[in-house]
Structures are given as C-alpha cells and as structure tokens.
Amino acid sequence: MPTLPPGPSEQGPPHEPPLHQHRDVAESFGIDAARYDRARPRYPRALVDRVVAASPGPDVVDVGTGTGIAARQFQAAGCRVLGVEVDPRMAALARRRGLTVEVAAFEEWDPAGRAFDAVVSGQTWHWVDPVAGAARAARTLRPGGRLAVFWNAGEPPADLARAFAEVYRRLLPDSLAARQWTTPAGDAYAALALRAADGMRAAGAFGTPEHWRFTWERDYSRDEWLDQVPTTGSHTGLPAALLEEVLQGVGAAVDAAGGGFTMRYTTVAATAARA
C-alpha cells in the first residue's frame, strides 16, 4: 500500500531482517493479481517523462513489474519494456496485458548479454537487496543508462489517518499496519530512497545519485479504498475473517468521513546514471 512504508530503517524491529530477506511477503502479492492491477495507484506522468528524458534510449527493464502497472506507463511513453518479476502469478497477468516478463528475483536474473537504457522499479525496490540490486542493474545498463527506483507515499486527511490508526491498533496491534500511521509516509519512503541511493554508491558503478519528488492527489470512494487495502504486504497473509474485520473498520472510518477522501501523494525517487 502506498501508505504502508516499511519504516525509516527499511525494516521492522531491530531483531527482524531487512525487508529484502522477507521473500514470503515479496512473493505474496499475486494472491489476487487482478485486484492488485485494478486497485493500485499509477505513477505521475512527470516521473515517467523525466526518466525517459534522462535515459539514452527506449529499452527499459522494469524490476518487480508485478502486473505491469509501471511497465504499461513506460510503454505508453514510447519505451520497449521487459519485466522481471519474482511471482509467476503476477507475471502471468502482465503477459495477458501484452508485456514480456521473465520470472526471477532481480539479484539472480540473467540479462543474457542484453543491454538496456534504463532499469526502473516502482514500489518494489525495498524487496531487492539494495547493493546487489544496484550492481545487477549496472551490469544490465549501457554506459549512461539510468537506474530509477520510486515509491508512491500517500497521506489521507489527518482525522481519517487517526481513525485508521485506531482500527489497526485494535485489530492488529503489533503489525506494521498499526505502526505506519505514526510516521508520515513521505518521510518513511524518503528513507527508503536514501537507502537505495546508498546501494547505488556502494555498487561503485554509478554517478552521484539524485532524489526526485512529485506531488499529486487522488480521490477515493469508500469502495475504491477498500479494494486496495487487501493488496498490501501487511494484509495479503491475514486470515479471511480478520481481514474482513479490518475492512469493516476501515470502511466505517471512511463512511464517518463522508464516504470518500482525497489522498495526498508524494512520489519519491532515487536515481543515478551508470558511469
């Protein structure tokens, strides 16, 4: 979920491993691939255009392509896109939408001698080892090719955020879904972008990383928001009865706020060109 950042340090409590080691979660999103494709927000056109303009050509690898949400946006901007996706269920839907997808964890993916102008990753780079992923991207890119990783960070109106927090404190008190409402989403995802930039530096093959931000808004009805909630990593593994309780509580909060709301999004990106 765009409003569920993994946290300022890209991990949970100190005893837990980094998120890129939680393969069970990373591979859980295909449980309802059609809902994921339907409900997840797209990315601002300004971001896509800036990546395209900063890349030396139109050949793009989309890491963690999922159902192809970002990939289709880059296709619409004139790019030739190859998806790499760890979950075969997500890859199957993306293929049905006309994309070419290879199933692999990106750190282990073999480009087989092919070279690309950009490697992009929307809402997924925290599932990739930041140093190994950047090193793999460098081996995939032509000189001057661009690595660009980005996340949508959403913040609902403050009163509604407090109401959501109460639902999760009551039903999922020890979960990330409960903790996340205490941290501004933009700050948490900015921390992920900083970690990604550190990985680019550590890979030793990129120029100085840049940080980009894009702000935009989207209106949600109650039903639209409830359609998205089950697609997030904090919800994909919940028992059906508990998920239904969560949806009822969140839906009641949106009803009390008038039946809909405007989400304020900030899309944060970390990007660098291959030296």
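The values are calculated or read from the model by the stated rules, or taken from the named source; none is laboratory data. The shown structure was predicted, so the numbers you read here are calculated from the model rather than taken from an experiment. We place every Cβ from the backbone using ideal geometry, glycine too, and count neighbours over all the protein chains shown. Side chains are part of the model used for accessible areas, which takes the heavy atoms of the whole protein and leaves out ligands, DNA and RNA. Shrake-Rupley method; radii C 1.70, N 1.55, O 1.52, S 1.80 Å.
All of Tyr189, Tyr168 fail the test of being of a type outside the set (Gly, Ala, Ser), in contact with a Phe, Trp or Tyr (Cβ under 8 Å, 6 or more places away or on another chain), farther than 15 Å from Val246 by Cβ and modelled with pLDDT under 95, apart from Tyr189. Screening Ala193 against (1) within 27 Å of Arg38 (Cα to Cα); (2) surrounded by fewer than 15 Cβ atoms within 10 Å (Cβ to Cβ) leaves a single unmet condition, (2). Screening Arg179 with (1) more than 29 Å from Val61 (Cα to Cα); (2) outside any helix (DSSP H, G or I); (3) of a type in the set (Lys, Arg) gives one miss only, at (2). Restricting the first member to region 250-275 and to residues that are under 18 Å from Gln228 (Cβ atoms) and modelled with pLDDT of 95 or more, and the second to residues that are of a type in the set (A, V, I, L, M) and in a strand (DSSP E or B), the beta-carbon pairs closer than 7 Å and six or more apart or on different chains are Tyr265/Ala153; Thr266/Ala153. All of Gly154, Gly199, Gly249 fail the test of being open to solvent by less than 20 Å² (accessible area, probe 1.4 Å), of a type in the set (Gly, Ala, Ser) and farther than 21 Å from Asp32 by Cβ, apart from Gly199. Of the residues Arg35, Arg95, the single one that is of a type in the set (Lys, Arg) and without any contact (Cβ under 8 Å) to a residue 12 or more places away in the chain is Arg95. Take the residues in region 252-265 that are open to solvent by less than 30 Å² (accessible area, probe 1.4 Å) and among the aliphatic types (A, V, I, L, M); name whichever of them is nearest to Gly66 (Cα to Cα). Step by step, filter region 252-265, then rank; the result is Met263.
Within region 213-242, the residues that satisfy the criterion of being assigned to a helix (DSSP H, G or I), open to solvent by 30 Å² or more (accessible area, probe 1.4 Å) and free of Cβ contacts under 8 Å to residues at least 40 places away in the same chain are Arg222, Asp223, Ala240, Ala241.
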